[in-house]
1. Collect the residues in the stretch B:35-52 that are among the small types (Gly, Ala, Ser) and closer than 11 Å to residue B:145 by Cβ, keeping them in residue-number order.
2. Name the pairs whose Cβ atoms lie under 6 Å apart, with the first residue in the stretch A:108-123 and within 11 Å of chain B (Cβ to nearest Cβ), the second aromatic (Phe, Trp, Tyr) and outside any helix (DSSP H, G or I), and 6 or more positions between them or separate chains?
3. What number of residues within the stretch A:86-103 are outside any strand (DSSP E or B) and of a type in the set (A, V, I, L, M)?
4. May I ask you to verify whether residue B:68 is outside the structural domain of residue B:54 (by TED's automatic domain parsing), closer than 29 Å to residue B:6 by Cβ and surrounded by 13 or more Cβ atoms within 10 Å (Cβ to Cβ)?
5. Within the stretch B:390-406, is even one residue assigned to a helix (DSSP H, G or I) and modelled with pLDDT of 85 or more?
6. Any idea how many residues of the stretch A:50-60 are surrounded by fewer than 22 Cβ atoms within 10 Å (Cβ to Cβ) and not in a helix (DSSP H, G or I)?
7. I'm checking my understanding of the structure. Among residues of the stretch A:86-96 that are within 24 Å of residue B:260 (Cα to Cα) and not charged (D, E, K, R), which one is nearest to ligand 2 (Cβ to nearest atom)?
Amino acid sequence: MQDAITNALAIKVACDKVNVHYGDTHAIKDVSIDIQDKTVTAFIGPSGCGKSTFLRCINRMNDTIDICKVTGRIELEGDDIYDAGIDPVQLRARVGMVFQKPNPFPKSIYDNVAYGPRIHGIAAGKAELDEIVESALRKAALWNEVKDRLQSPGTGLSGGQQQRLCIARAIATAPEVLLMDEPCSALDPIATAQVEDLIHELRENYSVVIVTHSMQQAARVSQKTAFFHLGFMPEYDDTEKIFSNPSDKRTQDYITGRFG
Amino acid sequence: MVGYTFLLILLLSAVGFVLNRNAAQELRAGGSRLHSLPVFHGGYALALAGLPALIFVLLWLMFEGSFVSALVRASLPAEAVAGLGAGELSLIMAEVQQTASGLIFGEPAQYVRDAAAYYNTLHSISDWAMFALVLFILAGGIFLARRSVATEFRARQRVEKVLSGLMIFASVIAIFTTIGIVASLVFEAARFFALVPITDFLFGTAWEPQIAIRPDQIAGAGAFGWLPVILGTLVITFIALLVAVPVGLLSAIYLNEFASPLLRKIAKPILEVLAGVPTVVYGFFAILVVAPALRSFGGDTLGLPISPNTALAAGSVMGVMLIPFISSFADDALTAVPRSMRDGSLALGATQSETVLKVLFPAAIPGIVGGVLLAVSRAIGETMIVVMAAGLIATLTINPLDSVTTVTVQIVTLLIGDTSFDNPKTLAAFALGLMLFIVTLALNVVALRVVRKYRELYD
Ligand SMILES: Nc1ncnc2c1ncn2[C@@H]1O[C@H](COP(=O)(O)OP(=O)(O)O)[C@@H](O)[C@H]1O
Ligand SMILES: [Mg+2]
């Protein structure tokens with residue numbers, strides 16, 4: 001039943017034969033994957049296998065690393081994002097990112113969330129900006145905790161709150177795709193559960209890609225799972241299938257804890 | 001002799017170190033588990049022998065001089081010193097000492113020659129006695145330390161105690177010299193304020209620090225109002241900051257965020273060379289290049305009234321001097337902003353310049369503000385450039401094209417040449433110095449406050 005639904009969804013990001021080199025290191029090897037809209041896609045695999053690297057290809061954050069070279073084709077709704085005519089700055093407004101370590105700016109909670117909308121001129125006035133900030137904070141399940149202290153520094157929040165603030169900051173620019181690189185690795189179990197609930201809800205509006213080192217987390221939050229191994233992506237399928245009946249031997253070994 | 005004594009201390013302490021360490025190593029080789037590592041046993045010997053010897057020598061040298069002088073003075077023939085005052089006596093003693101060290105002017109009296117010979121004898125006796133006693137102390141220390149080597153002996157704790165004692169001593173020296181400097185300033189300034197009312201100094205608007213040579217001289221009374229002087233300092237400082245802050249900050253931002261690695265590699269050392277230029281050279285630059293250029297451009301071309309020594313020339317050159325100071329502070333502060341901030345902003349679709357302006361710069365503000373305030377302190381205390389390029393006459397003005405003088409310039413001119421330390425003209429320098437100290441201290445306190453406030457906000 002779920003297969004029928006997910007298969008009906010449009011393809012948001014299409015990647016074809018993507019290769020990434022850091023100088024002489026060949027970090028991503030011929031990875032092709034179609035990421036669906038309104039779906040949570042999990043990237044799992046042993047550390048150092050290239051999950052973060054591949055994730056950063058999708059919003060061209062790899063451009064900020066001098067030695068990093070990306071080849072292959074990645075399309076966002078049919079447009080080649082590495083095309084010379086595409087401005088990475090505009091691309092990143094459409095493809096948001098949440099990092100492993102919460103990184104709120106040294107500004108007030110309000111200014112953190114309003115940062116993206118202000119830069120992109122999304123809000124017409126103060127009232128609209130207030131609205132955007134409130135709705136982003138509500139979606140990130142943080143509104144009730146911070147509504148009375150929007151002007152206090154974002155860095156003064158707890159780790160879990162900071163990460164939800166970063167998620168609110170990312171969704172305030174109304175991206176179409178949200179990339180999350182191990183968003184819960186610095187969080188305690190309660191904060192992790194909150195963020196996972198949040199991801200669940202985000203799925204209704206966005207295409208979410210989450211890197212995680214926890215297989216339980218992948219199983220809990222995602223509908224699709226891609227398994228990475230030594231720069232290759234041996235298997236990509238419905239999460240259920242990957243965890244119950246993987247077709248690749250390496251996936252099976254990883255799932256059953258043979259390595260990683 | 002004193003040199004040999006120090007050499008002896010060095011050598012024998014090292015011997016004690018090696019003896020003790022080897023003894024401890026032997027104990028360990030014999031199979032016992034030592035409480036402390038052999039080096040600590042060695043260090044214990046070093047401390048036990050070297051420290052008392054060193055302290056002894058220093059004390060000896062401190063008291064030797066006055067003791068020997070007292071003996072020599074007592075030996076002077078009664079008829080030669082009869083009826084002489086303390087001043088004349090010390091003159092004779094100075095002559096004796098000069099004769100003793102071989103500096104003979106004219107024909108010293110016979111009793112002076114005798115006293116000089118006696119002086120030299122006493123000194124060599126004292127030196128030998130010191131040498132022998134130090135040898136004894138060192139030997140005793142080594143002996144005691146060597147006897148203490150045992151598996152259970154807590155050499156490490158003792159050595160650590162000695163080390164922490166040394167550190168306390170060092171910080172005490174630092175603190176006491178500061179207190180001493182401040183105390184001497186306060187003391188001399190107090191003498192000044194006994195001659196000139198403090199209200200005249202603080203609120204007076206005229207600075208004419210001359211004193212009458214004859215009682216009936218016209219306009220012989222000086223005026224000691226510091227306001228025009230401090231105002232001159234502030235005007236020059238302000239001009240310097242106007243040059244240094246924007247240029248320093250923007251160059252730091254450019255080099256840190258936008259420049260290619262190659263350009264950065266070339267430009268940074270050049271900026272640092274600027275920091276190494278002696279201030280005298282900046283002074284040349286100000287009087288030989290900047291001031292004439294200002295005169296010919298502003299005066300001849302624009303027809304502005306420009307005095308030969310302008311606050312603008314001195315201030316702008318001082319600003320150039322401060323550029324590397326500010327840019328290196330800003331550079332450090334920007335580099336210290338974690339990469340995750342940068343990535344976070346870029347990932348939201350911000351451009352490089354938006355990221356710098358809205359995230360990196362605010363995050364770097366504590367460091368930058370600290371740097372700017374320290375630069376202000378330096379500008380206020382800077383002496384050489386203003387001595388060369390600013391004026392000497394104190395005028396109460398904020399016109400940058402006028403000649404102004406600064407606190408440091410006045411201190412220098414007040415103390416240059418033949419001065420006696422009992423008239424207000426000379427003592428005024430100390431009052432100015434005290435005020436300068438208070439102003440810079442207040443600035444530094446404010447700088448620390450500001451930095452801490454921002455830290456609280458951003459950490
Ligand atoms: N900035 C970088 N410079 C050079 N090599 C890198 C960089 N980032 C990652 N790599 C290399 O690329 C490979 C994949 O790393 P990464 O994508 O971080 O793995 P993962 O996120 O799966 O743990 C690793 O071998 C790593 O050493
Ligand atoms: Mg990673």
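The values are calculated or read from the model by the stated rules, or taken from the named source; none is laboratory data. Computed from a predicted structure; not experimentally measured. As a convention, Cβ positions derive from the backbone with ideal geometry for all residues, glycine included, and neighbour counts pool all protein chains shown. With ligands, DNA and RNA removed, areas are computed over all heavy atoms of the protein, side chains included. Shrake-Rupley method; radii C 1.70, N 1.55, O 1.52, S 1.80 Å.
1. Step one: of the stretch B:35-52, the residues among the small types (Gly, Ala, Ser) are B:36, B:42-43, B:45, B:47, B:49-50.
Passing the criteria: B:42, B:43, B:45, B:47, B:49, B:50.
2. The qualifying pairs are A:112/A:105.
3. Looking only at the stretch A:86-103, we keep the residues that are outside any strand (DSSP E or B), and these are A:86-94, A:99-103.
Next, from what is left, pick out any that are of a type in the set (A, V, I, L, M): A:86, A:89, A:91, A:93.
Total meeting the criteria: 4.
4. On the way: outside the structural domain of residue B:54 (by TED's automatic domain parsing): no; closer than 29 Å to residue B:6 by Cβ: yes; surrounded by 13 or more Cβ atoms within 10 Å (Cβ to Cβ): yes.
Spelling it out, it is not the case that residue B:68 is outside the structural domain of residue B:54 (by TED's automatic domain parsing), closer than 29 Å to residue B:6 by Cβ and surrounded by 13 or more Cβ atoms within 10 Å (Cβ to Cβ).
5. In the first step, residues of the stretch B:390-406 are kept if they are assigned to a helix (DSSP H, G or I); the result is none.
No, that holds for no residue.
6. 1
7. First pass over the stretch A:86-96, keeping only residues within 24 Å of residue B:260 (Cα to Cα): A:86-90, A:92.
Cutting the leftovers down to not charged (D, E, K, R) gives us A:86, A:88-90.
Numbers: A:86: 25, A:88: 21, A:89: 24, A:90: 26 Å.
Ranking the candidates gives A:88 first.
A quick yes/no check of all residues on (1) within 14 Å of chain A (Cβ to nearest Cβ); (2) without any contact (Cβ under 8 Å) to a residue 24 or more places away in the chain:
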residue: B:316; (1), (2): no, no
residue: B:326; (1), (2): no, no
residue: B:343; (1), (2): yes, yes
residue: B:354; (1), (2): yes, yes
residue: B:363; (1), (2): yes, no
